[in-house]
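Here the structure comes first, spelled out in structure tokens, and everything after it is commentary.
The values are calculated or read from the model by the stated rules, or taken from the named source; none is laboratory data. Just so you know, these numbers come straight off a predicted model, no measurement behind them. Reconstructed Cβ throughout: ideal geometry from the backbone, glycine too, with neighbour counts over all protein chains shown. Just so you know, the surface numbers come from the protein's heavy atoms only, side chains and all, with ligands and any DNA or RNA stripped out. Shrake-Rupley method; radii C 1.70, N 1.55, O 1.52, S 1.80 Å.
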Amino acid sequence: MTASDVRGFDPGDGRISTPSVTRALARSAAAAAPQPAVLPPLAPDRDQAEPDWSEVVEHFREGLVICDADGVVRHVSPVAERLLPEVVPGARLTAAGVDGLGDESPARFVHGGRQLTARQVSLSGGRCCWYVEDVTESASRADALLAERARSAFLAVVGDKLGNPLHPDRAAAAVVRLAVPTLAEVAVLVLAPRAGRARWWRASRSDDETPLVDSGVLPGADLPAAIADGLTGVEPHAVDWLVEQAVDAGWLPGLSGAESTARVVPLPGRDAPAGVLLVARRNTRWYDEDDVQLVRAFAARAGAALTTALLYRDQAEVADTLQASLLPVEPAEAAGVQWGTAYRPAQAGLRIGGDFYGSHRLPDGGSVFFLGDVSGKGVEAAVFTGQLRQCLQALHRLESNPGRLLRLLNDALLETTQAHGQGRFATMVLGVARPHRDGGLTLTMAGGGHLPPLVLRASGEVEVVPLRGMLIGVVPDPRVGEVTVRLAPGETCLLYSDGVTEARGGRRGDEQFGQERLVTAVTGCQRMPAPALAERVEQVTCDWLGHGDHDDIAVLALRAVGPSGRALRHLHSVPEPVSAEPRRETHS
């Protein structure tokens, strides 16, 4: 800056300046700063024309139909021309005859085999514009999704309903009931034949929502060929003759061969199909591939449910057969003897336990009777009981003396338990009853570590028979006690297991019932028949127990009733007292 440039500047601190100085400084700064390049103004591109709006709407997903205030079509976009070829410019929209382009908006309709939607938008001057869209693919996808959800929900319900029945008949009825009406108007289930006969179940659609279910049995040779093929695992595909066979067999009530369609699907089993399922309905709804896949999925679940039910039935039959063979056998009828029994296992669900009783007739008119208790509870004790009873059934034909018979039984049990390494034992009272002409009985009894019998005299007294002995199945040469008791007509001998005397209950719930309470309970019951007396002993024991746990309970009563089945003497007349005559314990 030159000296002339600073003329007129205030010589002070610079906070005050004149306008001339300010202008001079601005001119100086502008001259010193670099000047930017000046760009020419943008000129419009005169070679490219503005796009026509009709070319833009050609790329819209929706088609456009524009009408004037009089309803005359003035413009139709290319998409609209393809979807609605009947709509042409210059003609009234109503003349095209398209139902979806009416007063209702938005609208959904089918035109030319396609699903379309249309919505109307009002424009200025009374004009209007219709937006038309092809929704066929999106609707198909939505319908397929809804159908798949419905199938999944149906199969979920099927799985829940078929997971409960464990009886084959109930499971089969549930299968055909669930198939109607979702899969068929008539559903027939045929199980694999057993012993040449096949069980079938059928459900038919009724006027109300509950299908009608019936069932029956057919000889295996009378099954239609398609059903027989399905039972081998083959799925028939010739649906025309399949319907004819089902109609001829009378399996499709309300349907005829000309108007029906059907399918047969095997139901998977363990080694072979558990059965076959026939589904039929009117041919207004053919079984397409999706329907067939749904029927197969349903059949797979039905087959699993039926296989489980059939397996449970087979196992239940085996269990029932084994249980029946292990349950105590009612004593055989004998002249002059009235039997009374009561039995309650520790595990009521099993129906079997370790207590046992029974009798066998002897050639001389007498009877071998016994009551015992093996160690343990449940199935293992019941199996050991069955072995013991089988030994007795065989040995009583060789030996009728109670003491010697009990020793033979001891040797047989020792051999069995040692062979299987079980180490089990038993207590038992084994006796022989022989009738007398006067209607009385002579009881010769041997004891193997069991509780002593009781004798109910005609006078009302209760005697405890002094019978002792060692356990059976423990040592090779046990001490066996023997005693002979004479029963007058109308008198009863009572045998019982420790489940009676050792029953714990009472006020505190831990007090044993004991022999003394048992004697008190049967005192004065001399007039009772043997069955009623045995039932009374069981009842008072259970009353003492309440709802507590207990051991196996077994009771056997022998009443002298004479050959006519009745006591030969009046019970109010007291016979000569005949006391028990204990014999000395013998040792072989």
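Pairing each residue of segment 310-326 that is at pLDDT 80 or above with any residue that is surrounded by 11 or more Cβ atoms within 10 Å (Cβ to Cβ), provided the two are 6+ apart or on different chains, yields C-beta distances under 6 Å for L310/P168; Y312/L166; R313/P168. Filtered by the rule that a residue be among the hydroxyl-bearing types (S, T, Y) and farther than 16 Å from E62 by Cα, segment 125-149 gives a lone residue, S140.
Picking from residues in segment 310-337 that are over 30 Å from A173 (Cα atoms) and assigned to a helix (DSSP H, G or I), the one that is least open to solvent (accessible area, probe 1.4 Å) is L326. Might you let me know whether segment 422-443 holds any residue that is over 18 Å from L494 (Cα atoms), of a type in the set (A, V, I, L, M, F, W, C), in contact (Cβ under 8 Å) with a residue 24 or more places away in the chain and part of a helix (DSSP H, G or I)? No; the residues of segment 422-443 include none that is over 18 Å from L494 (Cα atoms), of a type in the set (A, V, I, L, M, F, W, C), in contact (Cβ under 8 Å) with a residue 24 or more places away in the chain and part of a helix (DSSP H, G or I).
Evaluation of R202 against the conditions (1) surrounded by 12 or more Cβ atoms within 10 Å (Cβ to Cβ); (2) at pLDDT below 90; (3) farther than 21 Å from R82 by Cβ; (4) not β-branched (V, I, T) shows that the sole unmet condition is (2). Listed by position, the strands (runs of 3 or more DSSP E) contained in segment 200-293 that have at least 1 residues being of a type in the set (S, T, Y) are 212-219, 260-267. Selection within segment 59-80: residues that are open to solvent by 90 Å² or more (accessible area, probe 1.4 Å) and at pLDDT below 90. The member of this set that is farthest from V132 (Cα to Cα) is H59. The strands (runs of 3 or more DSSP E) found wholly in segment 87-185 and carrying at least 3 residues that are exposed (fewer than 15 other Cβ atoms within 10 Å of the Cβ) occupy 114-122. I'd like to know if segment 556-572 contains one or more residues that are under 46 Å from the mean Cα position of the chain (by Cα), assigned to a helix (DSSP H, G or I), surrounded by 14 or more Cβ atoms within 10 Å (Cβ to Cβ) and at pLDDT 80 or above. No, the conditions are met nowhere in segment 556-572.
In segment 473-531, of all residues being polar (S, T, N, Q), touching a residue at least 40 places away in the same chain (Cβ under 8 Å) and part of a strand (DSSP E or B), the one that is surrounded by the most Cβ atoms within 10 Å (Cβ to Cβ) corresponds to T492.
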